[in-house]
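The structure appears below as structure tokens.
The values are calculated or read from the model by the stated rules, or taken from the named source; none is laboratory data. Keep in mind that this is a model prediction, so the values were computed, not measured. Positions of Cβ are generated from backbone atoms using ideal geometry, with glycine treated the same way; all protein chains shown enter the neighbour counts.
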Amino acid sequence: MIKFSDLNLDPKVLKAIIDTGYETPTPIQAGAIPPALEGRDVLGIAQTGTGKTASFTLPMITLLGRGRARARMPRSLVLAPTRELAAQVAENFDAYAKYTKLTKALLIGGTSFKEQDQLIDKGVDVLIATPGRLIDHFERGKLILSDVKIMVVDEADRMLDMGFIPDIERIFQMTPFTRQTLFFSATMAPEIERITNTFLSNPAKVEVARAATTGENIKQGVVMFEASSKARGEDEKRDLLIRLIDAEGDACSNAIIFCNRKSDVDVVAKALKKNGKNAEAIHGDLEQSHRTRTLDGFRDGSIRFLVASDVAARGLDIPAVTHVLNFDVPSHAEDYVHRIGRTGRAGRTGTAIMICSTRDEKNLADVERLVQNPIPRLDNPLSRATPPTTTSPVDDVDASREDRPRRSRTRGPRKAVPDVDTGADATAPVDVAAPVAEPVVAVIDMAPVMAEVAAPQPDAIVPDRQPRDAQQRDGGSRSDRPARGPDRTAERSSPERRERDTTPHRGRDHQRGGHDNVIGMGADTPEFIAKSFAERSTS
């Protein structure tokens, strides 16, 4: 059996390895470290969780033991797809290089440019960065990559998924052609193979497992899910997730729950908290400080359930994860391998359960085609749930309609239904021949009424719809109608009234010796109006 002491590593590095408790290298470490120490390019292909980080960290520390970095000119470069993975590489470097004088700088988003510039100005031996932040420093003139001797690309397939391949190609062109390149990936997509053929020179290919294979120590299963309705689909899916967690019981000491969308990450985390689960969310939209605290809490056990997007699917080394729950089938089949690789690490056993809805069946077929094995189907806990004892009002109405006897198409007299229970048998036959009481009919003599209606009516009544002029032409007037007040017909026809009507009207001012009434104001002109018109006329 090969040990780390057989790999020609620096004694200071071996001492740090002993402090960490490791003695035997993993297959990918045993295959990649010797050619890397020889200065050859290495193409490492292995499933996640097999120790790829130490495969390039240990030989890099040994090779950089001699020499010193200059300002703004790092001697080695490590590219990682996510901030979390870059921070994890930095932690591994600190653990294995603690007995050396090598320095490092971590260039990731969400942190201050000023602090990173200060580290670069002092000169660093190892530069660990994400592609975007590295290019930002280079474009600002704060970084020179002409002295890079070792370049490492970690999780290259994740770089492809995140759209970093153009940035990787640009960074390759920034570095010297004589550099040593260590290239690691869990899967080997055609685009990744094209890059390796372009930028790697006669690499030593180390493939310890078939590409895109899952660990044999991981128990896998998938639950087929079909929602009762489109509106309740998401709620029922979250209920299914909670049922699966409860079914695992104490065996599920902690778990990472993966969702395809960032919005689902927050919603699922809130649903778990509502049901008494100790859960927190982590995705790319959160601040880096919050993401770091959440990961630290999950590592130390203060957080039991970590609901995450694929930002946590690659390279995160949390050895004690017992379960991985895929709330969604990943859109990219390769992500399934990386997701379930968070459990069953370092020789431990793990469990991976996935929920597959009707719309995700195509993605499930892609996953099974990639891993070349069917994923066992598990029972759906919701299908075994006891149906509710109460029925909805709609169900009651439907049941009453079915129990109700159908009416005959031939209409006939309906029988009266008593409002109270008389104690008689409702199903007893009805005696049709039984005598029926005759109805009582009241006879009214309509002859006097019809005679009164047929009597001639007086001609004085004129319909209201007839114009007033027509009424006057026909000899009718309002005086012919029934008067509401005292009869003043005689008064209207008296000589005094006729004389008063023909006499010009004069107001109170005229009676007092003033002016005549104002034309157009009538006989009842107010005094103040008459005065105002009189004053204007005199002036």
Every residue from region 3-28 that is assigned to a loop (DSSP other than H, G, I, E, B) and within 17 Å of Leu64 (Cβ to Cβ): Leu7, Asn8, Leu9, Asp10
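Please work out if Ile45 is at negative phi and surrounded by fewer than 21 Cβ atoms within 10 Å (Cβ to Cβ). Can you show your working first?
Values: at negative phi: yes; surrounded by fewer than 21 Cβ atoms within 10 Å (Cβ to Cβ): no.
Answer is no for this residue.
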Helices (runs of 4 or more DSSP H) enclosed by region 66-143 - at least 1 residues per element that are surrounded by fewer than 16 Cβ atoms within 10 Å (Cβ to Cβ) and over 37 Å from the mean Cα position of the chain (by Cα): 83-96, 113-122
Residue match in region 287-310 (condition: part of a helix (DSSP H, G or I) and under 17 Å from the mean Cα position of the chain (by Cα)): yes
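So is Arg348 among the charged types (D, E, K, R), part of a helix (DSSP H, G or I) and not assigned by TED's automatic domain parsing to the domain that holds Gly163 or not? Lay out the reasoning, then the answer.
Details: among the charged types (D, E, K, R): yes; part of a helix (DSSP H, G or I): no; not assigned by TED's automatic domain parsing to the domain that holds Gly163: yes.
It is false that Arg348 is among the charged types (D, E, K, R), part of a helix (DSSP H, G or I) and not assigned by TED's automatic domain parsing to the domain that holds Gly163.
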Hey, Met162 at pLDDT below 85 and in contact with a Pro (Cβ under 6 Å, 6 or more places away or on another chain) or not: yes
Condition check for Phe172: more than 30 Å from the chain's Cα centre (by Cα), assigned by TED's automatic domain parsing to the domain that holds Gly132 and either in a loop (DSSP other than H, G, I, E, B) or in contact (Cβ under 8 Å) with a residue 60 or more places away in the chain (or both): no
